[in-house]
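*Asks:* Structure provided below as structure tokens; questions to follow.
The values are calculated or read from the model by the stated rules, or taken from the named source; none is laboratory data. All of these numbers come straight from a predicted model, not from anything done at the bench. Quick reminder, even Gly has a Cβ in these numbers, built from the backbone with ideal geometry, and neighbours come from all protein chains shown.
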Amino acid sequence: MAAVRDLKARETAGPGNDDAAELAKRHLIQPWPYAGSVGSEARALIGEGDGIYITDSAGKRLIDGPAGMWCVNVGHRREELARVMYDQAMALSYNTPWYTMNAPSAELAKRIAGHAPGDLSHVFYTTGGSSAVETALRFMQFYNNVRGRPEKKLILSRGGAYHGSTYLSASLNGRPRDRDWMDGADELVVKLSSPDPFRRPQGMSVAAFTDFLVDQFRDTVARVGAD
């Protein structure tokens, strides 16, 4: 609980809620606002989290449904995790990945590989989901280049899909605002229909819709070439 008390003390010494809101209005751009509303959109100020809950500046307690951005899936204010992070930061804050390694990264790689299927026994770390997708795509390109198949680069992606916010990963996205507002590597991507049964053609059964998706996939591979 000492860590919690220290955090509250720092919050008390920092800017007040009104000041923080004004600072955000002046300086902070967050994802997906309409361009004309930047600085004027309503934004709740979140002060703390505990377990599955977060609390805003008005004292309203909310369930953190998406677990932050899927990175707090074990809950907020986990003292044992804070202690481990503190201990590691005091021992070694960062280690360049180029030609040296460290024990925690090796141990975590072993644990992750232990949950992977088949012969997937190696781990490459990235900083998040978008960079993980981006890295997988770059691995695919590298693999085909060194195997003498530089033309094997097309990627099939579904309408309505979301794969990330980096350049290549965002190129796979199938949502209208991603496709219409941003440029992408369109020459590398072949789009297929969304598999969402709720949005299937009116009057089509789920079974028929499934057959349509399978046929579309097969026909597309035949059209663009498996190689």
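*Asks:* Test each condition in (1) aliphatic (A, V, I, L, M); (2) at pLDDT below 90; (3) in contact with a His (Cβ under 8 Å, 6 or more places away or on another chain) for Leu28 and report the one that comes out false.
*Replies:* Evaluating Leu28 over (1) aliphatic (A, V, I, L, M); (2) at pLDDT below 90; (3) in contact with a His (Cβ under 8 Å, 6 or more places away or on another chain) leaves (3) as the failure.
*Asks:* Moving on to the next point. Can you name the number of the only condition in (1) loosely packed, with under 12 Cβ neighbours inside 10 Å; (2) closer than 14 Å to Val133 by Cα; (3) among the aromatic types (Phe, Trp, Tyr) that Tyr162 fails?
*Replies:* Result: Tyr162 fails condition (1) only.
*Asks:* Same structure again: Out of the residues in segment 118-128 that are among the hydroxyl-bearing types (Ser, Thr, Tyr) and either free of Cβ contacts under 8 Å to residues at least 12 places away in the same chain or not in a loop (DSSP other than H, G, I, E, B) (or both), state the one that is nearest to Met69 (Cα to Cα).
*Replies:* Within segment 118-128, the match that is nearest to Met69 (Cα to Cα) is Thr127.
*Asks:* Only one of Ala82, Ala113 is under 24 Å from the mean Cα position of the chain (by Cα), on the phi < 0 side of the Ramachandran plot and touching a residue at least 60 places away in the same chain (Cβ under 8 Å); which?
*Replies:* Ala82
*Asks:* Check Arg200 against each of (1) at pLDDT 90 or above; (2) surrounded by fewer than 16 Cβ atoms within 10 Å (Cβ to Cβ); (3) at negative phi and name the one condition it does not meet.
*Replies:* Failing condition for Arg200: (2).
To keep it simple, each residue is scored yes or no on (1) free of Cβ contacts under 8 Å to residues at least 40 places away in the same chain; (2) out of contact with any Ser or Thr (no Cβ under 6 Å at 6 or more places or on another chain); (3) hydroxyl-bearing (Ser, Thr, Tyr).
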site: Ala132; (1), (2), (3): yes, no, no
site: Val146; (1), (2), (3): yes, yes, no
site: Leu168; (1), (2), (3): yes, yes, no
site: Pro195; (1), (2), (3): yes, yes, no
site: Gly203; (1), (2), (3): yes, yes, no
site: Asp227; (1), (2), (3): no, yes, no
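*Asks:* Only one of these conditions is not met by Gly118: (1) farther than 27 Å from Gly49 by Cβ; (2) assigned by TED's automatic domain parsing to the domain that holds Gly51. Which number is it?
*Replies:* Unmet condition: (2).
*Asks:* I'd like to know if segment 66-79 contains one or more residues that are exposed (fewer than 10 other Cβ atoms within 10 Å of the Cβ), outside the structural domain of Thr166 (by TED's automatic domain parsing) and modelled with pLDDT of 95 or more.
*Replies:* No, segment 66-79 contains no residue that is exposed (fewer than 10 other Cβ atoms within 10 Å of the Cβ), outside the structural domain of Thr166 (by TED's automatic domain parsing) and modelled with pLDDT of 95 or more.
*Asks:* Report yes if some residue within segment 120-141 is farther than 27 Å from Pro31 by Cβ, small (Gly, Ala, Ser), exposed (fewer than 11 other Cβ atoms within 10 Å of the Cβ) and modelled with pLDDT of 90 or more; otherwise report no.
*Replies:* The answer is no, given that none of the residues of segment 120-141 is farther than 27 Å from Pro31 by Cβ, small (Gly, Ala, Ser), exposed (fewer than 11 other Cβ atoms within 10 Å of the Cβ) and modelled with pLDDT of 90 or more.
*Asks:* Let me ask something else about it. Of everything in segment 80-109, what is of a type outside the set (A, V, I, L, M), out of contact with any Pro (no Cβ under 9 Å at 6 or more places or on another chain), surrounded by 11 or more Cβ atoms within 10 Å (Cβ to Cβ) and in a helix (DSSP H, G or I)? Give them in sequence order.
*Replies:* Hits for segment 80-109 are Arg83, Tyr86, Pro104.
*Asks:* Just for helices (runs of 4 or more DSSP H) wholly inside segment 129-227: which have at least 3 residues that are more than 19 Å from the chain's Cα centre (by Cα)?
*Replies:* 129-146, 206-224
*Asks:* Related question: Among the candidates Leu156, Leu168, Leu213, which residue alone is within 30 Å of Phe124 (Cα to Cα), surrounded by 15 or more Cβ atoms within 10 Å (Cβ to Cβ) and not charged (D, E, K, R)?
*Replies:* Leu168
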